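Enquirer: Have a look at this one before I ask anything.
None of the figures in this text is laboratory data; all of them are computed from the coordinates on show. Here the structure is a predicted model, which means the values were calculated and not measured. Heads up, the Cβs are rebuilt from the backbone with ideal geometry, glycines too, and the neighbour counts pull from every protein chain shown.
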Amino acid sequence: MQLIQIQKKGFQLNGETVLLLGLWLTGIYAYLQARNFGNLSDIFPRFTSGILVITTTILLISKFVQISSGKADAPEEEANDDEPEKLVYLSFETALEDHRIIIPATLFAYIGFGYLIGLMWATPIFMLIYSFWTRQSWYMKIILTIIGFAVPYALVKLLNLRIQEGVIL
Amino acid sequence: MINDLLEAIGMMDPVIIGFIIVGVLIGAVFGAIPGLGGVVAMSLILPMTIYLEGFQAIVILVAIYSGAMYGACISAILLKVPGSAAAAASIFDGYPLTQQGMAKDALGIGAFSSALGGLFSIVLLMVLAPYMYDVVLMFGSPHVFLLAMLGIAMIAVIARQGSTLKGLVAGSLGLLVTTVGIAPGSPTPRYTFDLIHLWDGLSLIAIVLGIFAIGEMIRLGAKGTIVEPGTDANSGSVLNGIKVSVNSSVTLIKSSLIGMIMGAIPGAGASSSNFIAYTEEVRSSKNPESYGKGNPAGLVAAESANNATVAGSLIPLLSFGIPGSAATAIVLSAFLIHGISPGPALFNDDVSFTFAILVALFISNLVILFVGLLLVTRIGARIVAIDINVIIPLIIMFAILGSYAARQNWIDIVTVVLFGFLSYWMVTYGYSVIGFVLGVVLGEIAEINLRTSLLVSDDLSIFYSDMLSAFLLASVLIVLLAEPAITAFWQLCDYLGIDVKERMKNI
């Protein structure tokens, strides 16, 4: 009687696989790069990247095979709980309503503008655009925009943060 | 000792009490705002303390420190955004309570546990003050390394709630992230891609804000509400929160001890202590799977530990003049500005001065109790009822500005965004964010002390040669191996068809 059984699974490329591949490559890179560090500086990076590579390798292999216990009277385990992710095609209008798209998009725009013109000016613009997109009332738009200016301004005055300048301004 | 204590209490005049109240309030507000925290508040107040007497200056700074430790849990509980890394573990059970419409309970637990954790550690410190000098001297680099290893071993414990392998992926990634930058004790730049902005490594607060703030805001936007649909955000009871905390008194005392010990170790800090206390609570519980879903004991453990850290951190500061964190470094600055020298005398000849600081800290925790239970709980529950489309941009703003405020380094803003997306991705596929953050928090401490230990001794026996290090090493091995060994044993017996329990009955 076999202690364990190994079954092949069909390979599925999904978000988790991409994540694991990315982490696996990061671990490999980190481990190889650590060879260039001398003077005891390589020990910890090798240790941590080694664990990362080993664990991600095992998880990636599990995407191809399923390992289960080999007891004869054991109930049949589910073959695969990694259902292939369904691709959902969004229309532009639907995408505009999806926070998972709009929040990252506005965030990138906020940071990009902040880098160019200074966070002190980009923040109220971000607050205004976000409140327009989420259809806030007119007074809430004003309040959020004012907060978006007041907070960075306070940080400039109290903490001497240099956020009133950007690459362009 | 009694005379010294009475003399210390006699120093508590109305002006000092006023400074304590103001300090706690300032600390709580700054602590609750993600990215700011107690250090920023203390930095702002320090120049103004030049005009005060030495004792007044130290009292207000310590009160801010204590208030900020408590304040960080407010945003952690209500919005899943820790005010500082010291409250990151409070999210795991505090936020689910809010989602279940029990924000008042959670805030009540946070205030009560913070205050009681702080009070317990202060009383203990007063009793043990004459002996603490020798205890602190016992902890060298190998011991601190093994303590960090113990914390890292807890990753495996936490990860067992889900997938162990996924937990180890997350934990090892967290550890790897801490290796970016100039290596400790060596001029070797690691993984900096020739960018000078990466020489200081990645900011812990930026990582924490990214993981919890940005990631959570994306999830919150998709979900539409903080509180579960059909749940009343204003339900719950502060009194219930107090009762729960009292019922978890063993957890509270244990976690306070952990916090105090971790606080006494320079460099360990509150961000480590609340995680260690939380993971220890999970490990020792009979229902570990209930944690992370709104188990009040988890919140009690995290909050009592981080406030107890404040008292613990005063030990190396007052004994040796060694600040263990940025906050205590600011307190040390106040000492030096006012011509007060920390050292053994503060625990011998001038022990009444030390007791006065502890009494002030004691009163700070009473103020936290009062403010937390009567004020914050009333306001806090209303916050979660606010439209999330108002909360989301505010949190994003504070996360971006807060991360930049620490070092004025644009890499920190990139860090917040990248780790925010990584967090969303990881949580979607069941990777332990707790494990990741634990790795980030403990990685630097582990590496610095490993390196120092290996420089002191080429022989690895430094990690088991004395009683303390042998005990710590044994603890690490037990945490890592005991449960898998026991599980493997039962599985083997099951496979071989041996009923161990039946055989034990027949013996």
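Enquirer: Take every residue in peptide A:32-40, count the Cβ atoms of other chains within 10 Å of its Cβ, and give the average of those counts. The partial results should precede the final answer.
Expert: Details: counts 0, 2, 3, 0, 2, 7, 3, 6, 10.
The shielding value for this peptide is 4.
Enquirer: If you take the beta carbon distance between residue B:43 and residue A:146 as r and set R0 to 30 Å, what does 1/(1 + (r/R0)^6) give as a FRET efficiency, to the nearest 0.05? Display every interim value, and only then the final one.
Expert: Numbers: r = 26 Å, r/R0 = 0.88.
After rounding, the FRET efficiency stands at 0.70.
Enquirer: How shielded is A:50-61 by partner chains, expressed as the average number of their Cβ atoms within 10 Å of its Cβ atoms? List each step's numbers first, then the result.
Expert: Values: counts 2, 8, 9, 1, 4, 10, 6, 0, 3, 6, 0, 0.
The shielding value for this peptide is 4.
Enquirer: Which three extents, in angstrom, do the Cα atoms of region B:304-455 have along their principal axes, listed largest first?
Expert: 57, 51, 30
Enquirer: What 222 nm value per residue comes from the helices of chain B, counting each DSSP H run with n ≥ 4 as -39,500 (n - 2.57) and dividing by all residues, nearest 500 deg cm²/dmol? Mind dumping the intermediate values first?
Expert: Values: 22 runs with 364 residues, N = 507.
Value at 222 nm, helices only, nearest 500: -24000 deg cm²/dmol.
Enquirer: Determine, from the Cβ-Cβ distance of residue B:425 and residue B:12 and an R0 of 51 Å, the FRET efficiency 1/(1 + (r/R0)^6), rounded to the nearest 0.05.
Expert: On the way: r = 52 Å, r/R0 = 1.02.
Once the sixth-power term is evaluated, E becomes 0.45.
Enquirer: Which order do the peptides B:186-195, B:86-95 take when ranked by the mean count of other beta-carbon atoms within 10 Å per residue, highest first?
Expert: Values: B:186-195: 14.0, B:86-95: 30.7.
Descending mean neighbour count gives B:86-95, B:186-195.
Enquirer: How big is the charge dipole of region B:379-488 about its Cα centre, in debye rounded to the nearest 20, if each Lys and Arg gets +1 on its Cβ and each Asp and Glu gets -1 on its Cβ? Working shown, then result.
Expert: On the way: 3 positive and 8 negative charges, 90 e Å.
Result for region B:379-488 is approximately 440 debye, rounded to the nearest 20.
Enquirer: Could you state the per residue volume, in Å³, of the convex hull enclosing the Cα atoms of chain B?
Expert: Details: hull volume 89.9 nm³, N = 507.
With only Cα atoms used, chain B gives 177 Å³ per residue.
Enquirer: Tell me, what ³J(HN,Hα) does each residue in region B:292-308 have, in order and in whole Hz, if you take phi through Karplus 6.51 cos²θ - 1.76 cosθ + 1.60 with θ = phi - 60° and put x for Gly and Pro?
Expert: x, 10, x, 7, x, 4, x, 5, 4, 4, 5, 6, 5, 5, 6, 6, 5
Enquirer: Let me ask something else. Whose amide H sits under 5 Å from the amide H of residue B:190, counting only residues 5 or more places off or on another chain, with H placed in the peptide plane?
Expert: B:181, B:182, B:183
Enquirer: Would you count, across chain B, every pair of lysines whose alpha carbons are under 30 angstrom apart, provided the pair is eight or more residues apart or spans two chains?
Expert: Total qualifying Lys-Lys pairs in chain B comes to 24.
Enquirer: Going highest first, how would you order B:366-377, A:27-38, B:389-400 by mean Cβ packing within 10 Å?
Expert: B:389-400, B:366-377, A:27-38
Enquirer: In whole Hz, with x marking every Gly and Pro, tabulate ³J(HN,Hα) for region B:359-376 from phi via Karplus 6.51 cos²θ - 1.76 cosθ + 1.60, θ = phi - 60°.
Expert: 5, 4, 5, 4, 5, 4, 5, 5, 5, 4, 4, 5, 5, x, 6, 9, 10, 5
Enquirer: Once phi is turned into ³J(HN,Hα) by the Karplus curve 6.51 cos²θ - 1.76 cosθ + 1.60 with θ = phi - 60°, what whole-Hz value does each residue of region B:49-66 show in order, with x for glycine and proline?
Expert: Taking θ as phi minus 60°, the curve returns 6, 4, 7, 9, 6, x, 5, 4, 4, 5, 4, 5, 5, 5, 5, 4, 4, 5 Hz for region B:49-66.
Enquirer: If you take the square roots of the eigenvalues of the alpha-carbon gyration tensor of region B:254-340 and sort them as a ≥ b ≥ c, do you get rounded (a/c under 1.5), prolate (a/b over b/c) or oblate? Write down the numbers at each step before the final one.
Expert: Values: a/c = 3.80, a/b = 3.16, b/c = 1.20.
Judged from the Cα gyration tensor, region B:254-340 comes out prolate (a/c at least 1.5, a/b above b/c).
Enquirer: Within a Cβ distance under 9 Å of residue B:241, other residues only, what is the Lys/Arg minus Asp/Glu net charge?
Expert: Details: positive: B:104, B:243; negative: B:105.
Cβ neighbours under 9 Å give a net charge of +1.
Enquirer: Let me ask you something else. What distance in nm separates the two pseudo spin-label positions at residue A:101 and residue B:247, each 7 Å out from Cα along the beta-carbon direction?
Expert: Going by the 7 Å Cα→Cβ label model, 4.7 nm.
Enquirer: If packing is taken as the mean number of other Cβ atoms within 10 Å per residue, what is the order of B:216-222, A:161-167, highest first? It would help to have the intermediate numbers written out before the result.
Expert: Numbers: B:216-222: 20.7, A:161-167: 15.0.
Those peptides, ordered most packed to least, come out B:216-222, A:161-167.
Enquirer: Further question: Give me a single rounded figure for A:145-151: the average over its residues of other chain Cβ atoms within 10 Å of their Cβ. Please list the in-between numbers first.
Expert: Details: counts 0, 0, 4, 3, 0, 0, 6.
Partner Cβ neighbours, averaged per residue: 2.
Enquirer: Still on this structure, I have one more. At 0.36 nm per residue, and after removing the present C-alpha to C-alpha distance, how many nm does the segment from residue B:492 to residue B:285 gain when stretched out fully?
Expert: Roughly 72.0 nm would be gained on extension.
Enquirer: Suppose R0 equals 41 Å. What FRET efficiency, 1/(1 + (r/R0)^6) with r the Cβ-Cβ distance, do residue B:222 and residue A:32 give to the nearest 0.05?
Expert: On the way: r = 38 Å, r/R0 = 0.92.
With R0 = 41 Å, the Cβ-Cβ based efficiency is 0.60.
Enquirer: Quick check: convex hull of the Cα atoms in the protein assembly as shown, volume per residue, rounded to a whole Å³?
Expert: For the protein assembly as shown, the hull spanned by Cα atoms encloses 194 Å³ per residue.
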